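One structure is given below, encoded as C-alpha cells.
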Amino acid sequence: MTRFCFQSELWLPCPVTEVFDFFGDAANLQAITPAWLDFQILTPAPIKIRAGTLIDYQLRIRGIPIRWQTEITVWEPPHRFVDIQKRGPYREWIHEHRFLADAGGTRCLDSVQYAVPGGALVHWLFVKRDVARIFAYRSERLRERFASAPRNQ
C-alpha cells in the first residue's frame with residue numbers, strides 16, 4: 001500500500017488553550033469544512049472528546065455520499081491529538097494535530113498520513129488536490145475566526 005503525507009502549518013494570534021478548545025468541540029469541524037463536501041456530523045451532540053471517542057460523519061466526495069468514522073487515538077490537551085479513520089473513503093488516514101506556543105500565539109501543525117484506493121494514479125488525479133483544497137479552506141476559516149476572537153485577559 002502506497003502511503004502519502006500532507007503537512008500544513010498555520011499561525012494564529014491566540015493562546016494555545018483557546019485554539020485547542022476550539023478543536024476540542026467537534027461541532028466546530030463543520031465551520032471549517034468546505035460546503036462542497038456537504039459535511040454533517042452524525043454523532044449526537046454534545047460529543048465528549050477523549051482518547052477512544054468515535055465520531056460519525058456523512059459527506060460527499062465528488063458527489064458520492066460517504067460515511068466516515070474517526071477515532072481519537074491520542075488526546076493530550078492543549079498540545080496534541082490524533083484522529084484515525086475507522087471507516088471511510090481512505091484505505092488509511094492518520095491525522096496528527098499539534099499546537100505550539102509561538103510568538104505570542106499558536107502554531108498549528110497538521111500531519112496526515114494516508115493511503116487511497118487506486119494508489120498513486122488516483123492520488124495524483126483527484127485526492128492530492130482535494131486534500132490541499134480542504135486544508136487551504138480550513139486555514140482561511142481559522143484565520144478569520146481567530147482574527148476576530150475576543151481575547152481572554
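The values are calculated or read from the model by the stated rules, or taken from the named source; none is laboratory data. The model shown is predicted, which means the values in this text are computed figures rather than measured ones. Please note: Cβ atoms are built from the backbone with ideal geometry, for glycine as well, and neighbour counts cover all protein chains shown. Only protein heavy atoms, including side chains, enter the accessible area calculation; ligands, DNA and RNA are left aside. Shrake-Rupley method; radii C 1.70, N 1.55, O 1.52, S 1.80 Å.
Before moving on, here are some points about what is shown:
- Any hit, segment 55-77, residues being over 25 Å from Phe126 (Cβ atoms), touching a residue at least 24 places away in the same chain (Cβ under 8 Å), surrounded by fewer than 14 Cβ atoms within 10 Å (Cβ to Cβ) and of a type outside the set (A, V, I, L, M): no
- Test: residue in segment 119-142 that is of a type in the set (S, T, N, Q) and part of a strand (DSSP E or B): no
- If the condition is being under 16 Å from the mean Cα position of the chain (by Cα), hydrophobic (A, V, I, L, M, F, W, C) and open to solvent by 30 Å² or more (accessible area, probe 1.4 Å), then segment 82-108 contributes Ile84, Ile94.
- Positions within segment 1-42 being hydroxyl-bearing (Ser, Thr, Tyr), surrounded by 14 or more Cβ atoms within 10 Å (Cβ to Cβ) and under 28 Å from Leu121 (Cβ atoms), in sequence order: Ser8, Thr33
- So Pro117, is it farther than 22 Å from Leu42 by Cα, modelled with pLDDT under 95 and in contact with a Lys or Arg (Cβ under 7 Å, 6 or more places away or on another chain): yes
- Residue in segment 125-136 that is modelled with pLDDT of 95 or more and within 24 Å of Pro15 (Cβ to Cβ) present: yes
- Residue match in segment 40-61 (condition: at positive phi, more than 16 Å from the chain's Cα centre (by Cα) and modelled with pLDDT under 95): no
- Every condition in (1) at pLDDT 95 or above; (2) open to solvent by 70 Å² or more (accessible area, probe 1.4 Å) holds for Pro150 except the one numbered (1).
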